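K.L.:
Submitted below is the structure of interest, expressed as structure tokens.
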Amino acid sequence: MNIFKYFYLATIAVSLTACGGGGGGSSASSETPVIQKTYVSSATAGEVLKYSVDTVAKTYSYEILQSAYGLSGEKGNGTLTYNGDGTFSPSESPGSKIIPLKNGLLLGNVKLLMNGTSKDVPIIGMENPATTADGIAGTYNFVSLQCNSKSYGIYSLCGTAYGTVKVTKSTDTTASFTSCTSGDIDTNTCTGNTTTGTLEYDSNGVWKVKASNSTYFNYLVAFTSPNGQKVGWIDFNDPTVFKYGQAVISEKKRITSGSGIDGKYFAKNTLGQSGELSLITNNANSEVTAKSASGTTTIATGNQPWDGLAAVSQNGGYGLMAGNGVYAFMKPNSYYFEVGVQK
């Protein structure tokens with residue numbers, strides 16, 4: 001099955017391989033994994049929710065904490081069917097898949113009623129997110145999908161972006177940020193593309209993010225992955241500055257060979273599709289081979305246009321590495337956005 005039909009699977013594989021996160025993973029077995037966790041999650045539509053999984057009882061449940069679509073407080077639940085490959089299909093959407101991981105990450109989807117239409121929305125979740133400013137402070141790369149209006153699923157008013165953001169501690173529960181679109185904040189290449197603002201801890205591991213020139217809140221969740229790298233997401237709910245959507249952020253670190261990115265990855269994209277890629281490190285120059293299910297191979301070089309990102313030569317696009325086997329990828333001038341986790 002061609003799971004990434006917006007453009008060639010091999011091209012996507014390149015971008016993602018070169019930005020696959022550190023930390024090893026193991027191949028899934030047919031034995032049902034035992035996971036009983038709650039993940040604070042972001043949906044690419046601009047929703048924040050708690051998503052709980054119990055693979056022993058084979059059940060799931062969720063509660064929406066923040067919503068751009070008036071869904072705050074709504075709850076859902078159902079049963080899980082194990083697919084024998086580390087993934088589960090939720091009863092609300094039996095044709096889709098979720099993958100909960102013991103390393104504190106979740107990738108999947110949730111069925112939400114948006115603008116009167118029921119849609120499968122990709123989500124990424126994290127267990128035990130940071131509740132102090134020390135836990136979120138740092139310099140991050142980001143890739144994002146942002147929509148000018150609440151038009152998720154239509155995409156005519158949506159686009160992708162990449163860049164850097166620096167978060168600085170103010171007090172234990174407050175911080176400030178400066179973001180730089182299409183540039184590296186460490187080399188001062190942000191002329192005309194910067195946004196400043198504040199962060200304030202709310203609850204459930206969620207931080208409220210407000211741009212200096214806006215009255216609206218966005219929401220951030222971050223945690224320190226097992227390999228020591230900070231990873232997070234930002235959920236956008238701001239019609240004036242950041243619009244609606246999602247960004248994946250990863251502490252800015254240079255991609256090196258032997259960083260643990262080799263393995264199989266489960267991925268989801270904004271076309272409502274999911275599938276697997278295999279990533280194999282080639283050499284000390286951060287080149288990585290991506291293999292699709294059909295055996296197509298493509299090579300990418302990391303740390304372009306700066307450390308921690310990977311630029312795709314074929315058809316364009318940027319990916320980032322996010323610790324412990326996570327990646328995010330965006331295609332410029334489109335609504336194509338993808339997130340994957342190592343199985």
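K.L.:
Could you tally the net charge around residue 228, taking each other residue with its Cβ under 12 Å from the Cβ of residue 228, Lys/Arg +1 and Asp/Glu -1?
P.N.:
Numbers: positive: 230, 253; negative: 251.
For residues surrounding residue 228, the net value is +1.
K.L.:
Could you please rank 80, 71, placing first whichever residue has the fewest other Cβ atoms within 10 Å of its Cβ?
P.N.:
71, 80
K.L.:
Something else: Note down the relative contact order for segment 36-126 as a percent, whole number, built from C-alpha pairs under 8 angstrom at least six residues apart.
P.N.:
Normalised by residue count, the contact order of segment 36-126 is 23 percent.
K.L.:
Any idea what the dipole of segment 36-126 comes to, in debye rounded to 20, about its Cα centre with Lys/Arg Cβ at +1 and Asp/Glu Cβ at -1?
P.N.:
Details: 8 positive and 7 negative charges, 27 e Å.
In debye, rounded to 20, segment 36-126 gives about 140.
K.L.:
A further question follows. Hey, with R₀ at 30 Å, roughly what FRET efficiency would residue 75 and residue 181 work out to, going by the Cβ-Cβ distance, to 0.05?
P.N.:
FRET efficiency, residue 75 to residue 181: 0.25.
K.L.:
How much net charge surrounds residue 208 when only the other residues with a Cβ under 12 Å from the Cβ of residue 208 are counted, with Lys and Arg +1 and Asp and Glu -1?
P.N.:
The answer is -3.
K.L.:
Work from the charge dipole of segment 36-126 (Cβ charges, +1 for Lys and Arg, -1 for Asp and Glu, about the Cα centre) and give the residue of 112, 44, 88 farthest towards its positive end.
P.N.:
88
K.L.:
Past 27 Å, Cα to Cα: identify those pairs from 37/166; 58/264; 111/252; 37/268; 37/97, in the order given.
P.N.:
From the list (37/166; 58/264; 111/252; 37/268; 37/97), the Cα-Cα distance tops 27 Å for 37/166; 111/252.
K.L.:
Right, here's the next one. Quick one: Karplus J couplings for segment 100-111, per residue in order, coefficients 6.51, -1.76, 1.60, θ = phi - 60°, nearest Hz, x for Gly and Pro?
P.N.:
Values per residue, Gly and Pro as x: x, 10, 5, 7, x, 10, 9, 10, x, 8, 9, 8 Hz.
K.L.:
Stokes-Einstein at 25 °C, 0.890 mPa s, Kirkwood radius from Cα pairs: D for segment 36-126 in µm² s⁻¹?
P.N.:
190 µm²/s
K.L.:
Using the per-residue mean of other Cβ atoms lying within 10 Å as a proxy for protection, in what order, highest first, do the peptides 326-332, 59-65, 123-129, 195-201 fall?
P.N.:
326-332, 123-129, 59-65, 195-201
FYI, it's all coordinate maths here, none of it is from the lab. Nothing here was measured: the structure is a model prediction, and the numbers come from that model. Please note: Cβ atoms are built from the backbone with ideal geometry, for glycine as well, and neighbour counts cover all protein chains shown.
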